[in-house]
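Heads up, the thing below is written out as structure tokens.
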Amino acid sequence: MLSRNPDDYIRDTKTEYHKLQRNYNPSIHPFEEQREYVRALNATKMERIFAKPFLSDLSGHNDGISCIAKHPSQLSTLVSGSYDGEICIWNLPTKTCTRKLIAHDGHVRGITFSTDGNRFMSVGDDKVVKTWISNSQEMDDDEDDMAPINTILSKTVLTSITHHRRDPLFATCGEVCQLWEETRNEPLKTLQWGADTLHHIQFNLVENNLLAACTSSRSIILYDRREGKPLRKITMTMRPNFLSWNPMEAFSFTVANEDYNLYTFDSRNLNLPKRIHENHVAAVTCVDYAPTGKEFVSGSYDKTIRIYEVEKTNSREIYHTKRQQHITAIAWSLDNKYIFSGSDEMNIRIWKAYASEKLGPLKPREKDAMRYNQALKQKFSTHPQIKRIAKHRQVPKYVYRQQDLLKQAKEKEKRKETNRRLNSKPGSVPYVSQKERVIVREDE
Amino acid sequence: MDEIKVEKSEKKPFEHKFKKFNKSFQKHKRFNNKYRLQAKELDDKQIKKYQRGDVSVHRGKIRTSFFKHKFLRQEQKFNFASKHSARAEILLNEGEGFIIPDEGEETIEYTQDDIKKNVDITSASKSFNLNLDFGPYNLNYTRNGRHLVIGGKKGHIAAFDWISKKLYCEFNVMEEVVDVKWLHLETMFAVAQKKWVHFYDNKGTEIHCVKKMNDVNQLEFLPYHFLLVSGDDKGWLKWLDVSIGEMVAEFPSLDDKITIMRQNPSNAVTCIASAKGVVSMWAPANHRQTLARILCHPAPLTALAFNVDGTKMVTAGMDKKVKLWDTRMFQNPVAQYHLNSTVHNITISQKNVMAVAMGEVCEIFRNINVDEVDSYTKYLRHIELSPIKSLQFVPYEDVMGIGSKNGFSSILVPGSGEANFDTLEQNPFRTKLQRREHEVKLLLEKIPAELITLDTSQIVNVDVDRMEERFEAKPEVHIPITKLNERKKARSGVEKSKIKQKQHAEEKQHLLKAAKQEELREKKKHKKSQKSDKEESNVLDRFKKKSKK
């Protein structure tokens with residue numbers, strides 16, 4: 001005979017938690033699947049309600065932002081360069097500019113941190129590589145601090161700079177690719193392939209002797225620091241603007257292209273891109289990987305930022321604001337929480353990497369609830385109603401219209417090809433996949 | 001008969017007797033060290049209780065290793081979950097137990113007084129009688145088993161906490177009361193009166209009168225959907241969403257008059273037992289059609305009941321038979337019993353104890369072997385002073401409520417209730433604050449009425465029909481044509497040209513097909529857009545002549 005002692009079920013004092021009695025027998029939990037579905041639907045709606053990705057902006061530059069560099073060990077420091085030759089060092093928690101350096105004549109083309117993060121180098125249109133102290137604590141408004149600790153004059157134009165992950169070594173590019181040691185004023189090595197001008201270069205973060213550069217003659221060149229010659233070159237149909245190595249996968253990198261798409265390559269098999277990432281409606285100008293290597297963020301001339309999963313064609317997220325102009329620089333913070341975007345209208349914006357994520361410390365129960373919701377969303381993600389809500393994004397009118405136009409153009413192309421195939425000798429119009437079309441040729 | 005033993009949920013073990021009667025009981029004895037060790041070794045039966053269907057996927061048919069791995073991992077996860085939920089049984093507080101008769105005696109001989117004498121004081125206080133003059137009485141317990149509302153035919157309504165005997169309200173509506181039902185919480189209940197359905201709060205204040213539900217005979221409340229279902233004199237079924245006050249569906253059933261209506265608690269399908277001997281099942285969103293119709297008895301039906309997990313249905317008819325059905329397979333009854341008189345009411349408890357009312361007599365059956373559905377034997381008998389009108393087992397208690405012409409009585413039925421409740425589902429000991437939080441959660445998790453179907457797991461299954469439809473709609477473009485294997489033997493020019501012609505024709509056909517499909521799709525799109533244009537309403541439409549419907 002059942003006879004419960006209330007003391008076993010009622011808390012003793014008001015300060016205690018209520019006693020929790022669980023019985024997992026399925027028969028006293030009816031409608032399990034349906035209730036889970038409703039919960040998943042609610043969680044999805046909640047996610048969209050709380051999706052407020054824009055956090056704040058950093059204003060202080062007097063011209064458009066040209067480049068952004070992340071500090072390798074400090075999450076609170078960010079350095080940015082602008083078109084008027086100024087470099088700002090930002091303190092992110094206080095959202096203030098701690099130092100402003102008049103660095104170059106003309107554009108600042110590239111900034112890179114040294115391995116320990118104490119110094120950073122910048123290149124500009126004035127053919128100079130300048131090394132600066134980044135540590136803002138030591139600064140007392142002395143004029144010495146406002147001056148570079150080292151200046152190297154280069155003989156050629158400089159367009160980009162990248163530092164080796166471990167060694168005191170950096171590479172610049174312009175008319176040629178040059179490798180420098182920090183302590184020497186002459187390049188260690190000069191690498192060149194044809195008469196191409198290079199506009200962006202980056203060191204691989206894992207296989208750290210590898211380098212990749214984008215050229216203005218629509219090609220991507222791979223270099224090895226230990227070799228005397230460039231390794232490999234692929235030519236695409238349109239110009240690659242920017243490139244970013246995957247920090248977790250030594251062999252893959254993503255290229256932001258002028259043809260509105262991004263391409264992820266496997267460096268072991270360059271004749272076909274591994275994946276095409278669509279959805280931008282103007283030239284993609286910059287791209288940066290998340291530290292997890294599973295996602296990357298891209299900025300475009302269409303004034304929007306998109307976040308892609310590496311394995312997916314379509315973006316998972318689009319960020320835009322009314323006043324944001326063409327995106328010129330982008331960075332994904334090393335704690336995988338924030339995205340920094342620099343744009344033409346002199347602002348650096350801080351976004352959340354996951355739009356509906358709650359920032360700040362979470363209680364264990366909160367964490368559990370979030371994990372549970374995440375699992376539910378995942379479980380029911382293919383249900384039409386949930387999918388529709390999760391996928392829906394408000395996009396600016398011009399992007400919306402442009403998407404439609406691009407879709408029409410694509411369909412037209414397809415139709416035209418079918419017609420051509422229908423009316424010509426069989427086999428004369430071969431089937432060529434989109435991926436094959438992008439690569440013009442591969443040289444060794 | 002000098003003394004009977006009633007198993008207690010507490011710590012003193014009756015080891016040898018448990019072994020004799022209920023082997024599964026052993027695992028509940030967490031305080032017995034000997035058994036605690038045993039509980040760690042789980043048998044398949046225990047684990048199976050926590051499994052949701054068959055988890056093993058036939059992996060031979062999966063082509064890629066990626067998906068093979070994925071399904072394997074999924075299977076492992078499911079197994080892990082069910083195993084650990086089974087293992088968590090040792091944490092359960094209470095155990096259940098039936099009456100163990102002395103040798104040479106049978107449980108059916110025991111009266112309520114005998115049982116009352118042999119149980120503890122708190123349990124004994126749960127057995128009581130109320131002599132009331134406004135009978136016959138209908139009754140309803142809340143889902144946590146704590147609160148009771150009774151409604152006499154002559155208008156008397158009382159709501160109270162039946163354990164502490166605290167009265168919430170008592171009044172007379174001065175009108176015939178047909179049925180009473182608690183809504184989602186103990187703060188509100190619905191009463192089907194002579195004309196309309198009225199809602200009262202637990203202070204007895206009338207908060208609502210639903211005039212759309214008139215001449216109602218039976219009320220049912222679907223707690224997870226917030227739907228109040230009514231079956232009326234004219235055979236109409238009506239579903240009212242009590243959270244937003246909207247009628248979800250109303251349509252006539254196939255019967256002229258609805259007198260017996262029950263819900264299947266596992267899938268919220270409303271079932272009507274008719275005078276034709278047929279049980280019909282209804283859902284609000286099923287276009288006025290039955291989900292199923294089962295001819296149960298060749299005589300008018302008199303009672304209908306479902307068990308908690310909805311796998312069993314019990315029907316009784318004028319032919320004095322009681323039939324037990326498996327709700328997943330309706331071809332034949334699983335078991336049938338012939339009784340001496342017509343059964344007027346049936347109810348099944350959480351632990352599948354079945355109570356049957358025949359006039360003044362109430363007989364209680366229990367399932368000796370849990371695995372065998374048809375092993376019902378007589379357990380207890382109770383005789384009221386007047387004809388029994390209604391019966392209900394109290395959830396999470398070993399008690400049954402009986403409403404009769406002379407009032408209400410609460411009797412002890414050891415082993416009938418679920419011993420261990422889940423606080424997140426139902427909590428008999430909840431505070432006001434917890435109740436409020438629970439209400440919010442319930443509302444947030446309200447299941448839409450459209451999801452009421454026979455199979456609740458349909459929502460997580462693959463919609464095969466629609467998927468096939470979608471695959472068919474996909475145009476077959478971009479399929480490179482495979483070249484015919486050319487024989488190495490030299491052919492004549494005629495043969496070669498024939499092969500070429502054939503190839504060309506094939507390719508052309510292929511492309512034409514693709515183009516045609518494309519065209520069709522375009523047309524469909526065009527039509528759709530035209531349609532949507534047409535449907536757009538204009539402000540001036542109101543001046544147009546309305547077409548007669």
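The values are calculated or read from the model by the stated rules, or taken from the named source; none is laboratory data. All values derive from a computational prediction rather than experimental measurement. Cβ: placed from backbone, ideal geometry, glycine included. Neighbour counts: every protein chain shown.
Working only within region A:34-80, note down all residues that are touching a Gly at 6+ places or on another chain (Cβ under 7 Å) and outside the structural domain of A:ARG166 (by TED's automatic domain parsing).
Result: no residue meets the conditions.
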If you go through region B:200-213, how many residues are in contact with an Asp or Glu (Cβ under 9 Å, 6 or more places away or on another chain) and surrounded by 18 or more Cβ atoms within 10 Å (Cβ to Cβ)?
3
Here the residues within region B:326-347 that are exposed (fewer than 14 other Cβ atoms within 10 Å of the Cβ) and under 19 Å from the mean Cα position of the chain (by Cα) are B:ARG328, B:MET329
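In region B:37-54, which residue that is in a loop (DSSP other than H, G, I, E, B) and at pLDDT 75 or above is nearest to A:PRO26 (Cα to Cα)?
Checking each candidate, the answer is B:TYR50.
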With the checklist (1) touching a residue at least 40 places away in the same chain (Cβ under 8 Å); (2) assigned to a strand (DSSP E or B) in hand, flag the one item B:SER230 doesn't pass.
(1)
Looking at B:ALA273, B:ALA268, which is the one that is within 14 Å of another protein chain (Cβ to nearest Cβ) and buried (at least 24 other Cβ atoms within 10 Å of the Cβ)?
B:ALA268
Quick check on A:GLN394: is it at negative phi and in a helix (DSSP H, G or I)?
no
Looking at B:ILE368, B:ILE383, can you tell me which residue is among the β-branched types (Val, Ile, Thr), farther than 24 Å from A:ASN25 by Cβ, out of contact with any Leu (no Cβ under 7 Å at 6 or more places or on another chain) and modelled with pLDDT under 95?
B:ILE383
All but one of (1) in contact with an Asp or Glu (Cβ under 7 Å, 6 or more places away or on another chain); (2) not in a loop (DSSP other than H, G, I, E, B) hold for B:ASN93; state the number of the condition that does not hold.
(2)
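Filter region B:447-467 down to the residues that are at the interface with another protein chain (Cβ under 7 Å from one of its Cβ atoms) and not aliphatic (A, V, I, L, M), then identify the one that is surrounded by the fewest Cβ atoms within 10 Å (Cβ to Cβ). Step through it out loud before you land on a result.
First, pick out the residues of region B:447-467 that are at the interface with another protein chain (Cβ under 7 Å from one of its Cβ atoms): B:447, B:451, B:456-457, B:459-460.
Now restrict to residues that are not aliphatic (A, V, I, L, M): B:456-457.
On the way: B:THR456: 21, B:SER457: 14.
Ranking the qualifying residues of region B:447-467, first place goes to B:SER457.
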Counting only residues that are in contact (Cβ under 8 Å) with a residue 24 or more places away in the chain and more than 9 Å from chain A (Cβ to nearest Cβ), which one in region B:417-444 is farthest from B:LEU380 (Cα to Cα)?
B:LEU443
Take region A:149-166 and flag every residue that is part of a loop (DSSP other than H, G, I, E, B) and surrounded by 15 or more Cβ atoms within 10 Å (Cβ to Cβ).
A:SER154, A:THR156, A:VAL157, A:HIS164, A:ARG165
Sort out for me the strands (runs of 3 or more DSSP E) sitting completely within region B:360-462 that have 2 or more residues that are among the charged types (D, E, K, R).
B:361-367, B:376-383
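Quick check on region B:73-95: of everything there that is touching a helix residue (DSSP H, G or I) at 6+ places or on another chain (Cβ under 7 Å) and not β-branched (Val, Ile, Thr), which residue is farthest from the other protein chains (Cβ to nearest Cβ)?
Top of the filtered list is B:LYS83.
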Quick one: which residue in A:ARG349, A:ARG323 is among the charged types (D, E, K, R) and not in a loop (DSSP other than H, G, I, E, B)?
A:ARG349
Checking B:ALA299 against (1) farther than 26 Å from B:LEU222 by Cα; (2) within 16 Å of the chain's Cα centre (by Cα): exactly one of these is not met. Which one?
(2)
Looking at (1) facing chain B (nearest Cβ under 9 Å); (2) in contact with a strand residue (DSSP E or B) (Cβ under 6 Å, 6 or more places away or on another chain), find the lone condition where A:LEU58 falls short.
(1)
Wholly within region A:31-134, strands (runs of 3 or more DSSP E) carrying at least 1 residues that are of a type in the set (Phe, Trp, Tyr)
A:54-59, A:86-91, A:108-113, A:119-124, A:128-133
Some residue of region B:378-391 being within 23 Å of B:LYS49 (Cα to Cα) and in contact (Cβ under 8 Å) with a residue 24 or more places away in the chain:
no
Filter result (surrounded by 12 or more Cβ atoms within 10 Å (Cβ to Cβ) and assigned to a helix (DSSP H, G or I)) within region A:428-442:
A:LYS435, A:GLU436, A:VAL438
Residue in region A:4-45 that is surrounded by the most Cβ atoms within 10 Å (Cβ to Cβ), counting only those that are within 7 Å of chain B (Cβ to nearest Cβ) and of a type in the set (A, V, I, L, M, F, W, C)
A:PHE31
For region A:355-383, which residues satisfy the criterion of being in a loop (DSSP other than H, G, I, E, B) and either over 30 Å from A:CYS97 (Cβ atoms) or in contact (Cβ under 8 Å) with a residue 12 or more places away in the chain (or both)?
A:ALA355, A:SER356, A:GLU357, A:LYS358, A:LEU359, A:LEU362, A:LYS363, A:PHE380, A:SER381, A:THR382, A:HIS383
Please tell me if B:GLY104 is within 14 Å of chain A (Cβ to nearest Cβ), of a type in the set (Gly, Ala, Ser) and part of a loop (DSSP other than H, G, I, E, B).
no
Hey, does region A:285-298 have a residue that's of a type in the set (D, E, K, R) and either within 23 Å of A:LYS189 (Cα to Cα) or over 15 Å from the mean Cα position of the chain (by Cα) (or both)?
no
B:LYS126 passes all but one of the listed conditions (1) among the charged types (D, E, K, R); (2) surrounded by fewer than 13 Cβ atoms within 10 Å (Cβ to Cβ); (3) within 30 Å of B:LEU380 (Cβ to Cβ); the exception is number (2)
Does A:ARG48 satisfy the criteria of being touching a His at 6+ places or on another chain (Cβ under 9 Å), more than 14 Å from chain B (Cβ to nearest Cβ), closer than 30 Å to B:ILE459 by Cβ and touching a residue at least 12 places away in the same chain (Cβ under 8 Å)?
yes
